[in-house]
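Structure first, commentary second.
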Amino acid sequence: MIPIFDGHNDLLLRLLLDPARREEIFLTGEGKGHLDLPRMQAAGFAGGFFAIYIPSPTAHDDPDYQALMQNPPYSLPLPDLIPFSGAIAPAATAAGHLLWMERASQGALKVCRTAPEVRACLADGTIAAIMHMEGAEAIDESLDSLHLFHAMGLRSLGPVWSRPTIFGHGVPFAFPSGPDTGPGLTDAGKRLVRECNRLRIMLDLSHMNEAGFNDVARLSDAPLVATHSNAHAICPSSRNLTDRQLAMIRDSGGMVGLNFSVSFLRPDGRQLAESGWDPILRQMDHLLERLGEDHLGFGSDYDGCTTPDVIGDVTGLPRLVQALADHGYGRPLLEKLSHANWLALLHRTL
């Protein structure tokens, strides 16, 4: 079994929304959602980026939104900005859940702060967890809280989710649509980029609009990374990356993690689990062609999306690897896609 390091998951959101049951959700496992410790261990899940995310009052998985996303075209309004005062407490709570996971797992999971720590975990079978923040609502304009979360273990940050922050603007959920949907980074956002570079916190561009993407590319001295995004040429969603953006990521020495969300995989943009392997294989082939084999991995978005029924939860990862092998991907390439490329990127960034 090839171990898989994953670019993005939302397990911490499940714990944030139901903290009294975190032992059942994570340690025991109930067969619900996409991730828990027993299923990770059974599926060869070697680790990944665990996202701290502040849900909007009306979530993007609201039933009314879901109905729209099943029948494109659609253009969902951006949620309102969440102020720092409303974000800091749930963000700190979510970080606490990740640190609890490390303690409660009794050595099965480790919160990693350096690339060598991730490499050591992959070598001995420990799940390597990197603390990520999806949307910087919990970072104040002075950036003091950035240093606070860095001390807790934060090593990856997306300045925006699909809503505005004081730092920049996310893309709306829209299909068909390009990512050129609004202005770029604010002055505070530019300071955030520079400070993340100084602290060696990886910047994630997955939900950022095109103007913000361009600003980060101009300002940052680190590789450009989109932890859970797909190719716009195959699926013209606002959330996906144009060929121009893919070239910029490749040329910076960066990475893209393939998002398993069917609405970002399928050419018709429909959020239907009954999708089969074809959209995944088409996305992988295009991303490989544009990025090269050293700049692509997986970024599942587990516990934050509707996945293809052929993959389902984390136990579907071996099926994904087998499908890629059947498609003609050799063992060396599969190892790069599964973990080696992410590990090399972490050595270049952290």
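Considering the chain as a Gaussian network with a 10 Å cut-off on Cα pairs, which listed residue, H339, H150, H34, attains the greatest mean-square fluctuation? Maximum fluctuation in the GNM of the chain, among the listed residues, is at H150.
Per residue, the convex hull spanned by the Cα atoms of segment 1-98 amounts to 139 cubic angstrom. Shape class of segment 200-339 from the Cα gyration tensor (axes a ≥ b ≥ c, square roots of the eigenvalues): prolate, since a/c reaches 1.5 or more and a/b is larger than b/c.
In the chain, the C-alpha radius of gyration followed by the widest Cα-Cα span (Dmax) gives 18.2, 51 angstrom. For segment 131-254, just say rounded, prolate or oblate: build the C-alpha gyration tensor, square-root its eigenvalues into a ≥ b ≥ c, call rounded for a/c under 1.5, and beyond that prolate if a/b exceeds b/c, oblate if not. Because a/c hits 1.5 or more and a/b exceeds b/c, segment 131-254 counts as prolate. Where both residues lie in segment 65-184, what percent of DSSP beta bridges are antiparallel, nearest 5? So the antiparallel bridges amount to about 20 percent of the total. Once Rh for segment 213-253 is found with the Kirkwood sum over Cα pairs, what is the Stokes-Einstein diffusion coefficient at 4 °C and 1.567 mPa s, in µm²/s? In µm²/s, the coefficient is 122. Straight-distance candidates among the aspartates and glutamates for linking to K32, with alpha-carbon spacing under 18 Å and chain neighbours fewer than 8 residues away dropped: D10, D18, E23, E24, D61, D301, D303, D309, D313. Here segment 1-115 has 56 percent of its accessible surface on carbon and sulfur atoms, given a 1.4 Å probe and all protein chains in place. Calculated accessible area for the chain comes out at 35 Å² per residue, all protein chains present (probe 1.4 Å; ligands, DNA, RNA ignored). Assign one of three labels to segment 26-160, namely rounded, prolate or oblate, based on the Cα gyration tensor with a ≥ b ≥ c the square roots of its eigenvalues; rounded applies when a/c is under 1.5, prolate when it is not and a/b is larger than b/c, and oblate otherwise. Verdict is oblate for segment 26-160.
Among the trypsin sites (Lys or Arg not before Pro) in segment 12-92, those located in a DSSP loop and surrounded by at most 14 other Cβ atoms within 10 Å of their own Cβ are K32. For segment 271-317, the list of GluC sites (Glu not before Pro) that fall in a loop by DSSP and count at most 10 other C-beta atoms within 10 angstrom reads E274. Computed from label points 7 Å out along Cα-Cβ, the spacing between H327 and M152 is 3.6 nm. Approximating the spin labels as points 7 Å out from Cα along Cα→Cβ, the A108-to-E30 distance works out to 1.7 nm. Using a 10 angstrom cutoff on alpha carbons, build the Gaussian network for the chain and name the most mobile of S229, S142, S261. Its mean-square fluctuation being the largest, the pick is S142. In segment 221-299, Cα pairs under 8 Å separated by at least six residues give a relative contact order of 37 percent. Here the simple spin-label model places points 7 Å from the Cα toward Cβ, and for E23 and E274 these points are separated by 4.1 nm. With the full set of protein chains in place, find how many percent of the accessible area of segment 156-288 is carbon and sulfur; take the probe as 1.4 Å. The C+S portion of the solvent-accessible surface of segment 156-288 is 51 percent. In straight-distance terms, cross-link reach from K190 covers every one of the aspartates and glutamates whose alpha-carbon lies under 17 Å from its own, apart from those fewer than eight places away in the same chain; here that gives E137, D140, E141, D144, D204, E210, D215, D221.
Highest mean packing first, where packing is the average number of other Cβ atoms within 10 Å per residue, the peptides 172-185, 70-83 line up as 172-185, 70-83.
From helices alone, the chain scores -11000 deg cm²/dmol at 222 nm; the rule is -39500 (n - 2.57) for each run of n ≥ 4 DSSP H residues, then divide by the residue total. A Cβ-based charge dipole, computed about the Cα centre of the chain with Lys and Arg at +1 and Asp and Glu at -1, lands at about 740 debye. Once C-alpha pairs closer than 8 Å and six or more residues apart are averaged by separation and normalised to the residue number of segment 87-213, the relative contact order reads 20 percent. What separates the Cα centres of segment 34-113 and segment 179-255 is a distance of 20 Å.
Each Cα pair under 8 Å and six or more residues apart adds its separation to the average, and for segment 256-302 the resulting relative contact order is 57 percent.
The values are calculated or read from the model by the stated rules, or taken from the named source; none is laboratory data. The shown structure was predicted, so the numbers you read here are calculated from the model rather than taken from an experiment. Positions of Cβ are backbone-derived with ideal geometry, glycine not excepted, and every protein chain shown enters the neighbour counts. We work out accessible area using only protein heavy atoms, side chains counted, and drop any ligands, DNA or RNA first. Shrake-Rupley method; radii C 1.70, N 1.55, O 1.52, S 1.80 Å.
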